[in-house]
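A short write-up of the structure that comes next.
The values are calculated or read from the model by the stated rules, or taken from the named source; none is laboratory data. Worth saying up front: this structure is predicted, and the values here are computed from it rather than measured. When we count neighbours, we look across all protein chains shown, and the Cβ atoms used for this are built from the backbone with ideal geometry, even at glycine.
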Amino acid sequence: MSLYHRDMNIYGDSGNILTVARRAGLYGFAPSVHYYDPGGVWPDRVDLVLGGGGQDQGQGRIMEDLAARGPVLHALADDGTPMLMICGLYQLFGDYFQTSAGDRLEGIGIIGAHTVGRDRRMIGNLVDHTDGFGDVIGYENHSGQTYLDDGVRPLGTVDAQGCGNNGEDRTEGARVGNVIGTYMHGSLLPKNPAVADFLIRAAVDRRYGRGAFAQQAASLPEENRREIADLDDLASRAGRVAASRPR
């Protein structure tokens with residue numbers, strides 16, 4: 001499901017949806033993408049949730065609906081549903097976002113964090129050193145500074161040329177169960193197939209049982225394997241180029 005696609009979808013975030021749908025298809029599944037916006041119909045079944053970034057105005061437009069959908073999103077997250085939240089929705093999956101104008105936007109608290117808007121803008125290609133996915137390449141463009149609560153696991157850490165969550169503690173993003181929050185646009189998943197496959201694997205195993213994804217991947221026809229390998233090679237090359245141009 002694409003969450004608030006109309007208002008929270010900037011800097012190429014729709015590429016994450018295209019990547020998940022394409023790779024899931026190559027793995028032999030038949031993904032169906034549901035685009036949910038305020039006032040829309042919530043799908044009967046949700047296996048994976050993708051959310052993007054947006055300006056403060058876009059965040060304001062979804063706030064009432066997000067608050068109403070908060071309990072069902074919490075239940076999905078608690079049940080292991082994989083989610084990827086980029087930038088603006090990463091902020092609103094935290095406890096609150098205090099804008100630079102002084103307005104407080106209440107989050108839904110799936111990720112233990114809060115964000116404060118500042119005048120400084122943090123922008124540029126970013127390398128996030130992670131435990132689970134190796135180096136993840138993306139593009140940050142935000143003025144909100146996010147601080148994780150004690151005990152909340154960051155997605156990874158950044159070097160001096162990147163800012164990450166706040167430009168102070170070298171953390172970037174957050175992971176809570178199968179929920180990932182990050183500031184990396186770009187879009188993220190086309191350049192980082194390990195993250196895309198993590199989300200697909202978690203969705204498949206949750207729906208069909210542990211090991212279902214691995215079993216399906218092991219039985220792929222050779223042409224599918226070749227196309228996946230080609231996509232992975234392109235992703236690697238694109239990541240190397242982006243990492244060489246931090247600003």
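Taking the condition outside any helix (DSSP H, G or I), more than 27 Å from TYR208 (Cβ to Cβ), out of contact with any Leu (no Cβ under 9 Å at 6 or more places or on another chain) and among the β-branched types (Val, Ile, Thr), does VAL41 pass?
no
Being among the β-branched types (Val, Ile, Thr) and in a loop (DSSP other than H, G, I, E, B) is the filter; apply it to region 143-197 and report the residue that is farthest from PHE93 (Cα to Cα). Selected residue: VAL158.
Within region 146-156, the presence of at least one residue that is over 15 Å from LEU84 (Cβ atoms), at pLDDT 95 or above and acidic (Asp, Glu) is confirmed. For region 93-105, a residue qualifies if it is at pLDDT 95 or above and either of a type in the set (Asp, Glu) or surrounded by fewer than 20 Cβ atoms within 10 Å (Cβ to Cβ) (or both), and the qualifying residues are ASP95, TYR96.
If the condition is being part of a helix (DSSP H, G or I) and over 19 Å from HIS34 (Cβ atoms), then region 75-100 contributes ASP78, GLY88, TYR90, GLN91, LEU92. When LYS191 is tested against (1) within 20 Å of the chain's Cα centre (by Cα); (2) surrounded by fewer than 20 Cβ atoms within 10 Å (Cβ to Cβ); (3) not hydroxyl-bearing (Ser, Thr, Tyr), only condition (2) is not met.
Let's see how each residue does on (1) modelled with pLDDT of 95 or more; (2) of a type outside the set (Val, Ile, Thr):
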position: GLU172; (1), (2): yes, yes
position: VAL176; (1), (2): yes, no
position: THR182; (1), (2): yes, no
position: ARG206; (1), (2): yes, yes
position: SER219; (1), (2): yes, yes
position: ARG225; (1), (2): yes, yes
position: ASP230; (1), (2): yes, yes
position: ASP233; (1), (2): yes, yes
position: ARG245; (1), (2): no, yes
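Scanning for something aliphatic (A, V, I, L, M), in a helix (DSSP H, G or I) and either without any contact (Cβ under 8 Å) to a residue 12 or more places away in the chain or surrounded by fewer than 22 Cβ atoms within 10 Å (Cβ to Cβ) (or both), does region 29-36 turn up at least one residue? No - not one qualifying residue is present in region 29-36. The residues listed here are ALA196, ALA238, ALA243; of these, the one that is surrounded by 12 or more Cβ atoms within 10 Å (Cβ to Cβ), under 27 Å from MET122 (Cα atoms) and touching a Leu at 6+ places or on another chain (Cβ under 6 Å) is ALA196. The single condition among (1) modelled with pLDDT under 95; (2) in contact with a strand residue (DSSP E or B) (Cβ under 8 Å, 6 or more places away or on another chain); (3) not acidic (Asp, Glu) that ILE86 does not satisfy is (1). Within region 212-235, one or more residues are in contact (Cβ under 8 Å) with a residue 12 or more places away in the chain and not in a helix (DSSP H, G or I).
Could you please find all residues in region 199-235 being among the aromatic types (Phe, Trp, Tyr) and surrounded by 15 or more Cβ atoms within 10 Å (Cβ to Cβ)? Break it down into steps so the answer makes sense when it comes.
Of region 199-235, the ones among the aromatic types (Phe, Trp, Tyr) are 208, 213.
Within region 199-235, just PHE213 meets the criteria.
The set of residues from region 116-137 being farther than 23 Å from SER100 by Cβ and surrounded by 15 or more Cβ atoms within 10 Å (Cβ to Cβ) comprises ASN125, VAL127, ASP128, HIS129, THR130, PHE133, VAL136, ILE137.
Screening ILE62 on (1) within 23 Å of ASP150 (Cα to Cα); (2) part of a helix (DSSP H, G or I) shows it passes everything except condition (1).
Taking the condition buried (at least 17 other Cβ atoms within 10 Å of the Cβ), under 27 Å from ASN224 (Cβ atoms) and charged (D, E, K, R), does ASP7 pass?
Numbers: buried (at least 17 other Cβ atoms within 10 Å of the Cβ): yes; under 27 Å from ASN224 (Cβ atoms): no; charged (D, E, K, R): yes.
It is false that ASP7 is buried (at least 17 other Cβ atoms within 10 Å of the Cβ), under 27 Å from ASN224 (Cβ atoms) and charged (D, E, K, R).
Sort out which residues of region 101-137 are over 27 Å from ALA242 (Cβ atoms), β-branched (Val, Ile, Thr) and in a loop (DSSP other than H, G, I, E, B), and write them in order of number. Outline the logic, then answer.
Of all residues in region 101-137, those over 27 Å from ALA242 (Cβ atoms) come to 101-110, 112, 114, 116.
Filter once more, keeping what is β-branched (Val, Ile, Thr): 108, 110, 116.
Residues satisfying the conditions are ILE108, ILE110.
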